[in-house]
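One structure below.
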Amino acid sequence: MASLKELRARIGSIKSTRKITSAMKMVAAAKLRRAQASAEAARPYAAAMRRMLGELAGAVQGEGGVPRLLSGTGQDKVHLLVPLTSDRGLCGGFNSNVHRLTVQTIRRLQSEGKTVRLLPVGRRALNFFSRDYADLIVDHVIGVSGKEIPFSVASGLGEKINALVESGEIDVCSLVFNKFHNAMMQVPTSQQLVPLLMEEQGAGDVPADSVAQYEFEPDEATILAMLLPRNLQVQIYAALLETAAGENGARMTAMDNATRNAGRSIDSLTQVYNRTRQTNITNELIEIISGAQAV
Amino acid sequence: MPVLIEIISPEKVLVSREVDMAVLPGMEGDIAAMPEHAPMMLLLRGGVVALHEGDVVTDRFFVAGGFADITATRCTVLADKAVPVSEISIDNATAQLEALSEIWDKTDKTDMTRLSALQDQILAVRAEIAAGAGTV
């Protein structure tokens, strides 16, 4: 059995671990609130953009020269996967869920005879994919998570993807990220960005003549060519914000569990400590008494 | 009957309220959004969106390019970047202009798409400085 001194040291060290995990939990909770607020604030832009895009896509339908971001390259050979993760660990299965889904997708695409390229975002993804798939990585972005995310990160990423699509290096592009449901639950999802999947609009939503009435300045094609890259950036931005919220949510949950586990092992160690102490006292008493009797 | 103006940047909604008229810096000239305007979608250049109530300009916002969607009752401005004119930092904008001119000097002068994109950016920053200095 461990000596009293060892037990005291262990209890002490677990107590300081508990202090750290509970502090991390508080920090994650505060950051989660901020991340959720900025995700909330970014929603109107995305919504307005979807509405405009729907009207525009209707207006240019059937015309030639539709940008590649909307129609794709017409092929389905080279896939770019963009896994979004955090830069730091200690957030439970948050990052490994994204890794697992990405690896599954890579294997599936490769077994179908397609070429896969990777653009990992976040230090965790970069480290993970550098190990087994280093030759697939075309580029990476790190140092994003944990702070307020400026829109320029998303626009830079969007421009990179746009350049790859325009030069014909990739045909399809998908994001892999954790969709934020609540602090306890993030669902790893894969979302296709290029070619753009338009949500089918119900015929009842927009009367056919309202599309025709729209005037465009300069013209439909020019606006569409400007709007599509912007839409790509907005979708990436939304995914980055969800990742930020999810990371903090996952960390909060993980640290809450860690704090609770630390408390539990402190309790059981304290019990062992007290019992050992009592046994020691009893032993000493027996020794003294039997010593006294022997005299 | 007023028109509902919304100025939205990627990060947040800056304004959402009813005004009598909003003047937008369109790519091909300024356009006023007023009640009963025909539905219209336009590209914006870098410039100032002025909100009018009656004959008075109540608020001015600088937008660095973007899109606007005008209908009879509503005007939605999707700005790449938007700030109230009173909060423009001329120092920042000047630094940005210098950085852009440097990029311009280094860019291949045969790459027309890149050049025109850069030119739009430079014009937008110049407009920002002008708006901040109060000369517009």
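Just so you know, all these numbers are worked out from the coordinates, no wet-lab data involved. Quick caveat: nothing in here was measured; it's all calculated off a predicted structure. As a convention, Cβ positions derive from the backbone with ideal geometry for all residues, glycine included, and neighbour counts pool all protein chains shown.
The mean count of C-beta atoms from other chains within 10 Å of the C-beta of residues in A:148-158, rounded to a whole number, is 1. One quarter of the convex hull surface built on the alpha carbon atoms of the range A:1-136 amounts to 14.1 nm², the projected area averaged over directions.
Per-residue ellipticity at 222 nm computed for chain B from its helices equals -10000 deg cm²/dmol, with DSSP H segments shorter than 4 residues left out and the rest contributing -39,500 (n - 2.57).
Around the amide H of B:Asp59, modelled in the peptide plane, lie the amide H atoms of B:Leu51, all under 5 Å away and 5 or more residues distant in sequence or on another chain. By DSSP, the beta bridges lying fully in chain A are antiparallel in about 45 percent of cases. Inter-label distance, A:Arg107 to B:Ala72: 5.8 nm, where each label sits 7 Å from its Cα along the C-beta direction. Each residue of the range A:26-33 was assigned a 3J(HN,Hα) from its phi angle through the Karplus curve 6.51 cos²θ - 1.76 cosθ + 1.60 (θ = phi - 60°); the sequence is 4, 4, 4, 5, 5, 5, 4, 4 Hz, with glycine and proline shown as x.
If you take the Cα centroid of the range A:117-136 and the Cα centroid of the range B:34-97, the two points sit 41 Å apart.
Each of A:Thr73, A:Thr282 was scored by other Cβ atoms within 10 Å of its Cβ. Arranged with the fewest first, they read A:Thr282, A:Thr73. In the protein assembly as shown, the ratio of gyration radius to Kirkwood radius, Rg to Rh, stands at 1.16 when only Cα atoms are counted. Each residue of the range A:258-274 is assigned a 3J(HN,Hα), and the resulting list reads 4, 4, 5, 4, 4, x, 5, 6, 4, 4, 6, 5, 4, 5, 4, 4, 5 Hz, derived from the Karplus form 6.51 cos²θ - 1.76 cosθ + 1.60 (θ = phi - 60°), x at Gly and Pro.
Here the Karplus curve 6.51 cos²θ - 1.76 cosθ + 1.60, taken at θ = phi - 60°, turns the phi angles of the range B:19-28 into couplings of 10, 7, 7, 10, 9, 10, x, x, 4, 10 Hz, with x standing for Gly and Pro.
Would you mind getting me the FRET efficiency between A:Ala134 and A:Glu166? Use the beta-carbon distance for r and R0 = 35 Å, nearest 0.05. Efficiency at R0 = 35 Å is approximately 0.85.
Taking the longest Cα principal axis of chain B as reference, the axis of helix B:112-133 is set at about 60 degrees. Remark: mean inter-chain Cβ contacts per residue of A:229-238 equal 1, using a 10 Å Cβ-Cβ cutoff to other protein chain atoms. With the convex hull drawn over the C-alpha atoms of the range B:86-133, the volume per residue is 55 Å³. Set against the 2.2 N^0.38 Å expectation for a compact globular protein, the range B:3-85 has a Cα radius of gyration ratio of 0.94. Here the extension length gained between A:Glu148 and A:Arg88 equals 20.1 nm, from 0.36 nm per residue of separation less the Cα-Cα distance. The residue list B:Leu97, A:Ala262, A:Ala294 was ranked by how far each Cα lies along the charge dipole of the protein assembly as shown toward its positive end, using unit charges on Cβ atoms, and A:Ala294 comes out on top. Springs between Cα atoms under 10 Å define the GNM used for chain A, and in it the highest mean-square fluctuation of A:Arg131, A:Arg43, A:Arg107 occurs at A:Arg131. The calculated 222 nm mean residue ellipticity attributable to helices in chain A amounts to -22000 deg cm²/dmol, summing -39500 (n - 2.57) over DSSP H runs of n ≥ 4 and dividing by all residues. Under the convention that each Lys and Arg Cβ holds +1 and each Asp and Glu Cβ holds -1, the size of the dipole of the protein assembly as shown around its Cα centre is about 3460 debye. Going from the residue with the fewest nearby Cβ atoms within 10 Å to the one with the most, B:Arg74, A:Arg51 rank A:Arg51, B:Arg74. Distance between the 7 Å Cα→Cβ label points at A:Gln213 and A:Ser13: 7.4 nm.
Considering all C-alpha pairs of the range A:46-125, those separated by over 20 Å amount to 56%. Reported value for the range B:15-136: 102 Å³ per residue, from the convex hull of its C-alpha atoms. Close amide H partners of A:Ile142, meaning residues 5 or more places away or on another chain with modelled amide H under 5 Å apart, are A:Gly122. Between A:Glu159 and B:Arg17, the modelled label-to-label distance comes to 3.5 nm, taking each label 7 Å out from Cα in the direction of the beta carbon. Using the structure shown, select from A:Lys160/B:Lys81; A:Lys25/B:Lys81; B:Lys12/B:Lys109; A:Lys160/B:Lys106 the pairs with a Cα to Cα distance greater than 26 angstrom. Among A:Lys160/B:Lys81; A:Lys25/B:Lys81; B:Lys12/B:Lys109; A:Lys160/B:Lys106, the Cα-Cα distance tops 26 Å for A:Lys25/B:Lys81; B:Lys12/B:Lys109.
Amide H to amide H, with H built 1.01 Å from N, A:Leu193 comes under 5 Å of A:Cys173, A:Ser174, A:Leu175, counting only residues 5 or more places away or on other chains.
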